[in-house]
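The values are calculated or read from the model by the stated rules, or taken from the named source; none is laboratory data. The model shown is predicted, which means the values in this text are computed figures rather than measured ones. Reconstructed Cβ throughout: ideal geometry from the backbone, glycine too, with neighbour counts over all protein chains shown.
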Amino acid sequence: MNNRYFALSLATLCLSTSAIAASDDASPSQNAMRDTLAYEITEGLTTEVGQRQGGTEAEQRGRDWAVAKLNALGFANVREEKFDMPTWVRGEEKAWVISPFQNVMAAAALGNSGSTGAKPFEGEVIYFRTFDDLVAAPDARVAGKIVFVDHQMKRAQDGSGYGQFGRARFIGPNIAAKKGAAAILIRSIGTDSHRGPHTGNTNFEAGVKPIPAAAISNPDADNLTRQVMRAKTPVKVRLLLTPQNLGQQKSGNVIAEVPGSDPSLPPIVIACHLDSWDLGTGAIDDASGCGIITAAASYLQNRPAPKRTVRLLWAGAEEVGIWGGKDYAEKHKGTPHALAMESDFGADRVWRVDFKLPDSAKPLADRIASKLASLGITRGKDPASGGADVAAIIAAQDLAVIDLQQDGTRYFDLHHTPDDTLDKVDPEQMRQNVIAWTMVLEEVANYAGDLSMGPKS
């Protein structure tokens, strides 16, 4: 569906319910047709708190803001569940090509990067067209060099290139360090052509000393590639990265609930993540997700109460290791859950729904798919898998899952960059998310059938 047709379809759908005011008399999904709450939450969190890197004082301010907001919206059992986590913060970040050409590059340290020390160091660049080329390289070819991995992610509606190309960030620095590299530069894992580099976490194995690791913007990666190809002598780079490890710091999850009328039915958990990277204000990733799930859940607070409790999880410290999702699963392992959902892929329109439900719940899936068709949402063929923050509880309890897949065509233009700001959120597309989420919650929260995926006794 093109954007013009989508806008007209959503406008028609909203106009068809224009006589319905938000009230206890209307259904939750009818009230969601006029939603502005999701945008209000996103605007408030990004404006009043801003960036919220896990384990920092800014993330704590985000949790305080979330608790106050969720209480003000009338949710029940609002609370903060704290945990400890290792915390890394960035410092100075500079990169220059110094020979045989000279230019400054836009660079951002990757989470858990090592430091160059207070003074920059210089090194010879060794070029790898792809991540797999780095893996295959002999250690002697890499030792003492500044590795540059160049492969470029391509746009896809489902963001499917991230896993493939993201390996350069996820494990590229660890591989380079084990081969003896002095440092590593990667082309940003993103699909834009801006000079804002994409940060993100990397990890080093136990016993592997972290080396300085940074992403350079896509235009700078283009230029560095041309320089490597054109140079008659080795290209040399000067690099300054001064991050710090602060040791164990506090993070936490924020929990809230819409209580169900039947306590014998296991709850549904719906998630977003409260933290963000520190370069932008975390509007797309993931304040918008928190806005979407919270707005949808708020419409269930109309009387009568849903049969099942709907539990909101605003997870902490997702970006730097999914600490909040893991802590939630550990703290709540003794509480049976029924189903999990997550919103963490921006705020552009939902285009597909995927299910992982027991066979007995096929009529539930059919009803949901039929409702969502009015929004131009198609039914996928692959089983739903959930998001990062619910992955641990899904695995621990083999939960049912529903995924509302968002259009990710432009998501990786903004992901982990300074451009992740409120102006990138389209209120109309966000509203379509809220309507879709509310339609789904309206069904699953009032479904009294068995949702367990395990073998039946």
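Residues are listed down the side, and each one gets a yes or a no for (1) surrounded by fewer than 24 Cβ atoms within 10 Å (Cβ to Cβ); (2) among the polar types (S, T, N, Q); (3) not in a strand (DSSP E or B):
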position	(1), (2), (3)
LEU240	yes, no, no
GLY247	yes, no, no
ASN253	no, yes, no
GLY260	yes, no, yes
TRP277	no, no, yes
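Taking the stretch 149-162 on its own, how many of its residues are in a helix (DSSP H, G or I) and either in contact with a Lys or Arg (Cβ under 8 Å, 6 or more places away or on another chain) or modelled with pLDDT under 95 (or both)?
Restricting attention to the stretch 149-162, the residues satisfying the condition of being in a helix (DSSP H, G or I) are 161-162.
Restricting the remaining residues to those that are either in contact with a Lys or Arg (Cβ under 8 Å, 6 or more places away or on another chain) or modelled with pLDDT under 95 (or both) gives 161.
Looking only at that region, the number is 1.
Within the stretch 197-238, being touching a helix residue (DSSP H, G or I) at 6+ places or on another chain (Cβ under 9 Å), closer than 30 Å to PRO86 by Cα and not in a loop (DSSP other than H, G, I, E, B) holds for ASN201, ALA213, ALA215, ILE216.
Quick check, is TYR299 over 19 Å from GLY44 (Cβ atoms) and touching a residue at least 12 places away in the same chain (Cβ under 8 Å)?
On the way: over 19 Å from GLY44 (Cβ atoms): no; touching a residue at least 12 places away in the same chain (Cβ under 8 Å): yes.
Spelling it out, it is not the case that TYR299 is over 19 Å from GLY44 (Cβ atoms) and touching a residue at least 12 places away in the same chain (Cβ under 8 Å).
Only a single item in (1) modelled with pLDDT of 95 or more; (2) surrounded by fewer than 22 Cβ atoms within 10 Å (Cβ to Cβ) is not met by ILE146, and it is number (2). Considering the stretch 437-457 alone, what residues qualify as being at pLDDT 95 or above, part of a loop (DSSP other than H, G, I, E, B) and in contact with a strand residue (DSSP E or B) (Cβ under 8 Å, 6 or more places away or on another chain)? ALA445, LEU451, listed by residue number. Set side by side, the residues ALA369, ALA392, ALA396 differ, and just one is assigned to a helix (DSSP H, G or I), hydrophobic (A, V, I, L, M, F, W, C) and free of Cβ contacts under 8 Å to residues at least 60 places away in the same chain, which is ALA369.
Restricted to the stretch 48-106, and to residues there that are under 14 Å from GLY324 (Cβ atoms) and among the aliphatic types (A, V, I, L, M), the residue that is surrounded by the most Cβ atoms within 10 Å (Cβ to Cβ) is ALA66. Between a first residue in the stretch 130-145 that is over 11 Å from LYS178 (Cα atoms) and a second residue that is modelled with pLDDT of 95 or more and of a type in the set (Asp, Glu), which pairs have beta carbons less than 7 Å apart while being 6 or more apart in sequence or on different chains? Short answer, once both residue conditions are applied: LYS145/GLU124. Residues in the stretch 299-330 that are out of contact with any Pro (no Cβ under 9 Å at 6 or more places or on another chain) and at pLDDT below 95: ARG303, PRO304.
Somewhere in the stretch 423-436, is a residue in the same structural domain as GLN301 (by TED's automatic domain parsing), in contact (Cβ under 8 Å) with a residue 12 or more places away in the chain, in a loop (DSSP other than H, G, I, E, B) and touching an Asp or Glu at 6+ places or on another chain (Cβ under 7 Å)? Yes - at least one qualifying residue is present in the stretch 423-436.
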